[in-house]
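Have a look at the structure below, then the notes.
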Amino acid sequence: MPREFSRADRVADQIQRELAQLIQREVKDPRLGMINISEVRVTRDFGYADIYITLLSTEELDENSEEVQTSLEVLQRASGFLRGHLGKSMRLRVVPQLRFRFDRLAGQSRHMESLIRKAVASDERRNDGDDPEDGGEA
(Lines give C-alpha, C1' and ligand atoms only; values in the text may rest on other atoms or scores of the structure.)
Protein backbone atom coordinates (compact mmCIF):
# COMPACT_ATOMS: atom_id res chain seq x y z
CA MET A 1 0.00 0.00 0.00
CA PRO A 2 1.50 3.38 -0.97
CA ARG A 3 2.40 5.83 1.73
CA GLU A 4 -0.18 8.55 2.12
CA PHE A 5 1.04 12.12 2.25
CA SER A 6 0.12 14.15 5.27
CA ARG A 7 -1.80 17.37 4.94
CA ALA A 8 1.36 19.31 5.86
CA ASP A 9 3.19 17.68 2.92
CA ARG A 10 0.38 18.55 0.51
CA VAL A 11 0.23 22.15 1.76
CA ALA A 12 4.03 22.43 1.47
CA ASP A 13 3.90 21.25 -2.15
CA GLN A 14 1.17 23.75 -2.96
CA ILE A 15 3.06 26.58 -1.23
CA GLN A 16 6.15 25.72 -3.28
CA ARG A 17 4.21 25.93 -6.55
CA GLU A 18 2.39 29.13 -5.62
CA LEU A 19 5.50 30.88 -4.28
CA ALA A 20 7.50 30.06 -7.40
CA GLN A 21 4.90 31.81 -9.52
CA LEU A 22 4.43 34.73 -7.13
CA ILE A 23 8.14 35.45 -6.82
CA GLN A 24 8.63 35.27 -10.57
CA ARG A 25 5.65 37.47 -11.45
CA GLU A 26 5.03 39.79 -8.50
CA VAL A 27 8.30 40.53 -6.70
CA LYS A 28 9.87 43.33 -8.71
CA ASP A 29 12.98 44.03 -6.62
CA PRO A 30 16.03 44.20 -8.94
CA ARG A 31 18.33 42.93 -6.18
CA LEU A 32 16.58 39.56 -6.29
CA GLY A 33 18.33 37.28 -8.74
CA MET A 34 17.06 34.12 -10.36
CA ILE A 35 16.10 31.79 -7.55
CA ASN A 36 14.80 28.27 -7.33
CA ILE A 37 12.64 27.00 -4.47
CA SER A 38 14.13 23.60 -3.76
CA GLU A 39 11.96 22.59 -0.82
CA VAL A 40 9.25 23.81 1.54
CA ARG A 41 8.74 22.33 4.99
CA VAL A 42 5.63 23.21 6.96
CA THR A 43 5.36 22.59 10.68
CA ARG A 44 2.55 20.30 11.77
CA ASP A 45 0.60 23.15 13.34
CA PHE A 46 0.97 25.23 10.13
CA GLY A 47 2.60 28.03 12.12
CA TYR A 48 5.77 28.24 10.03
CA ALA A 49 6.93 27.32 6.56
CA ASP A 50 10.67 27.04 5.95
CA ILE A 51 11.36 27.79 2.29
CA TYR A 52 14.74 26.56 1.02
CA ILE A 53 16.05 28.47 -1.97
CA THR A 54 19.02 28.23 -4.29
CA LEU A 55 20.36 30.97 -6.50
CA LEU A 56 20.83 30.22 -10.16
CA SER A 57 24.30 31.56 -10.75
CA THR A 58 27.45 30.36 -12.43
CA GLU A 59 29.65 30.80 -9.40
CA GLU A 60 29.85 28.77 -6.22
CA LEU A 61 27.87 30.49 -3.49
CA ASP A 62 27.78 29.84 0.20
CA GLU A 63 25.22 31.14 2.64
CA ASN A 64 27.55 33.95 3.77
CA SER A 65 28.00 35.49 0.32
CA GLU A 66 26.62 38.96 -0.25
CA GLU A 67 24.35 37.86 -3.11
CA VAL A 68 22.70 35.19 -0.97
CA GLN A 69 22.22 37.49 2.01
CA THR A 70 20.70 40.21 -0.20
CA SER A 71 18.27 37.76 -1.81
CA LEU A 72 17.22 36.35 1.57
CA GLU A 73 16.68 39.88 2.90
CA VAL A 74 14.54 40.85 -0.12
CA LEU A 75 12.43 37.70 0.25
CA GLN A 76 12.02 38.18 4.00
CA ARG A 77 10.85 41.76 3.46
CA ALA A 78 8.36 40.55 0.84
CA SER A 79 7.13 37.69 3.04
CA GLY A 80 4.05 39.59 4.25
CA PHE A 81 3.04 40.38 0.68
CA LEU A 82 3.68 36.78 -0.40
CA ARG A 83 1.82 35.42 2.60
CA GLY A 84 -1.23 37.54 1.80
CA HIS A 85 -1.31 36.28 -1.77
CA LEU A 86 -0.86 32.69 -0.58
CA GLY A 87 -3.83 33.05 1.74
CA LYS A 88 -6.04 34.29 -1.08
CA SER A 89 -4.94 31.75 -3.69
CA MET A 90 -4.84 28.69 -1.42
CA ARG A 91 -7.82 29.61 0.76
CA LEU A 92 -6.14 28.50 3.96
CA ARG A 93 -7.57 29.40 7.33
CA VAL A 94 -4.07 29.61 8.79
CA VAL A 95 -1.28 30.81 6.49
CA PRO A 96 2.12 29.94 7.93
CA GLN A 97 4.81 32.53 8.62
CA LEU A 98 7.37 32.31 5.81
CA ARG A 99 11.01 31.78 6.76
CA PHE A 100 13.47 31.78 3.87
CA ARG A 101 16.64 29.70 4.12
CA PHE A 102 19.55 29.12 1.76
CA ASP A 103 19.77 25.50 0.60
CA ARG A 104 23.38 24.42 1.03
CA LEU A 105 22.83 21.02 -0.59
CA ALA A 106 22.90 22.44 -4.12
CA GLY A 107 26.37 23.92 -3.60
CA GLN A 108 27.60 20.76 -1.94
CA SER A 109 26.31 18.61 -4.79
CA ARG A 110 28.05 20.85 -7.37
CA HIS A 111 31.27 20.51 -5.38
CA MET A 112 30.93 16.71 -5.22
CA GLU A 113 30.22 16.60 -8.95
CA SER A 114 33.39 18.57 -9.70
CA LEU A 115 35.42 16.21 -7.48
CA ILE A 116 33.99 13.18 -9.30
CA ARG A 117 34.80 14.74 -12.69
CA LYS A 118 38.38 15.40 -11.57
CA ALA A 119 38.75 11.81 -10.35
CA VAL A 120 37.38 10.39 -13.60
CA ALA A 121 39.68 12.64 -15.68
CA SER A 122 42.64 11.59 -13.54
CA ASP A 123 41.78 7.89 -14.04
CA GLU A 124 41.45 8.40 -17.79
CA ARG A 125 44.86 10.11 -17.97
CA ARG A 126 46.39 7.30 -15.92
CA ASN A 127 44.79 4.62 -18.15
CA ASP A 128 45.94 6.40 -21.33
CA GLY A 129 49.52 6.01 -20.11
CA ASP A 130 49.19 2.20 -19.73
CA ASP A 131 51.03 -0.29 -21.96
CA PRO A 132 48.99 -0.75 -25.19
CA GLU A 133 49.88 -4.49 -25.41
CA ASP A 134 47.78 -5.43 -22.38
CA GLY A 135 44.64 -3.88 -23.88
CA GLY A 136 44.60 -0.88 -21.54
CA GLU A 137 42.77 -2.77 -18.80
CA ALA A 138 44.14 -2.95 -15.31
(message) Suppose R0 equals 22 Å. What FRET efficiency, 1/(1 + (r/R0)^6) with r the Cβ-Cβ distance, do residue 67 and residue 104 give to the nearest 0.05?
(response) 0.90
(message) Apply the a/c threshold of 1.5 to the C-alpha gyration tensor of region 1-122 and tell me whether it is rounded, prolate or oblate.
(response) oblate
(request) Using a Förster distance of 35 angstrom, determine the FRET efficiency expected from the C-beta separation of residue 26 and residue 114, and round it to 0.05. (result) 0.50
(request) Over region 3-129, with every protein chain in place, what whole percent of the accessible area is carbon and sulfur at 1.4 Å, could you tell me? (result) 47 percent
(request) If a/c stays under 1.5 just call it rounded; otherwise compare a/b with b/c (prolate if a/b is bigger, oblate if not). Do that for region 1-48, with a ≥ b ≥ c from the square roots of the Cα gyration tensor eigenvalues. (result) prolate
(request) Please report how far the C-alpha centroid of region 8-73 lies from that of region 78-95, rounded to the nearest whole angstrom. (result) 15 Å
(request) Treating only the Cβ atoms of Lys and Arg (+1) and Asp and Glu (-1) as charged, compute the dipole magnitude of region 1-103 about its Cα centre; round to the nearest 20 debye. (result) 860 debye
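The values are calculated or read from the model by the stated rules, or taken from the named source; none is laboratory data. In this text, all values refer to a predicted model and were calculated from it rather than measured experimentally. A quick note on method: Cβ atoms are made from the backbone with ideal geometry, for glycine too, and the neighbour counts reach across all protein chains shown. What goes into the accessible areas is simple: the full protein's heavy atoms, side chains included, and nothing from ligands, DNA or RNA. Shrake-Rupley method; radii C 1.70, N 1.55, O 1.52, S 1.80 Å.
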